[in-house]
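What follows is one structure encoded as structure tokens, with my remarks underneath.
Coordinate-derived values only; no laboratory data. Just so it is clear, the model here is predicted, and its values are computed rather than measured. Cβ placement follows ideal geometry from the backbone for every residue including glycine, while neighbour counts extend to all protein chains displayed.
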Amino acid sequence: MRLYALCDQNLLDTHGISLEEFVAIAKANDAEIIQYRNKNADVAFIKQQLITMRRLYDGFLIVNDKYELIEFCDGVHVGQEDLKMIDSDVSKAVKILRNVINSDKILGISTHNLEEIELANEMDLNYIGLGPLRETSTKTDTSQALGESLDSLAAHSKHFVAAIGGVRKEDQFKNVTYHVIGSGLLL
């Protein structure tokens, strides 16, 4: 298993865990990537968190959505709805993002089905997040959960695949590069 640790600020706050504690847990679990996600804070706060994380962690550091902060990390991850806020055509949105962040930075997007995977195959990406695998506290619509079909869908991607949404350390995949684990690291 290759670990992509999801550091969600709401999750940290809920569990009373500091950023420093999360990074230590991620490092102890050999995380190759840490993504920092904060859907509620202003850009200045997120920037400070990224600076702190960079001081503590020398692996790949990804920011969720806030591509304007790319100079403080190694890449950006953007969900489908956030891509559509950049441009209604997600392919065009990815081209815009790639121009903003440059080719030396990591770019990943969320995907949820075969259609989105096939569209992503035509994009200049480094990886896709695929899921959710199962229901989570942030994704409660079980009709969206891919379950056992996630691994077979991952085989259709030409990019690295990070399994997202309710992923556990013990999950086994044949076609997935990274397990994205957030709260599972803390429990």
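Observations on the model:
- Diffusion of the chain by Stokes-Einstein, at 10 °C in a medium of 1.306 mPa s and with Rh set to the Kirkwood radius over alpha-carbon pairs, works out to 96 µm²/s.
- Relative contact order of the chain, defined on C-alpha pairs under 8 angstrom at six or more residues apart (%): 20
- Paramagnetic reach from Ser91 in the stretch 116-135 [backbone N under 20 Å; point 7 Å along Cα→Cβ]: 116-129
- Rough spin-label spacing in nm, given labels placed 7 Å along Cα→Cβ, for Glu21 and Lys158: 4.5
- Mean separation of Cα pairs under 8 Å and 6 or more residues apart, divided by the residue count, gives the stretch 47-125 a relative contact order of 26 percent.
- Long-range Cα-Cα pairs in the stretch 105-187 (distance over 14 Å), rounded percent: 58
- Fewest-first sequence of His179, His77, His15 by Cβ atoms within 10 Å of each Cβ: His15, His179, His77
- Euclidean distance between Cα centres, the stretch 12-58 to the stretch 59-104, Å: 19
- In this label model, Met1 and Glu122 are separated by 3.6 nm, measuring between points 7 Å along each Cα→Cβ vector.
- Straight-line cross-link reach from Lys66 at under 29 Å between alpha-carbon atoms covers these lysines, not counting any fewer than eight positions away in the same chain: Lys27, Lys39, Lys47, Lys84, Lys92, Lys95, Lys105, Lys139, Lys158, Lys169.
- A full extension of the chain between Lys174 and Asp104 corresponds to an added length of 22.4 nm, given 0.36 nm per residue minus the alpha carbon distance.
- Loop-located trypsin sites (Lys or Arg not before Pro) in the stretch 31-120, at most 15 other Cβ atoms within 10 Å (DSSP): Lys39
- Spin-label model, Asp13/Phe60: points 7 Å from Cα along the beta carbon direction are separated by 2.9 nm.
- Over the chain, DSSP H runs of length four or greater, each weighted -39,500 (n - 2.57), average out per residue to a 222 nm ellipticity of -10000 deg cm²/dmol.
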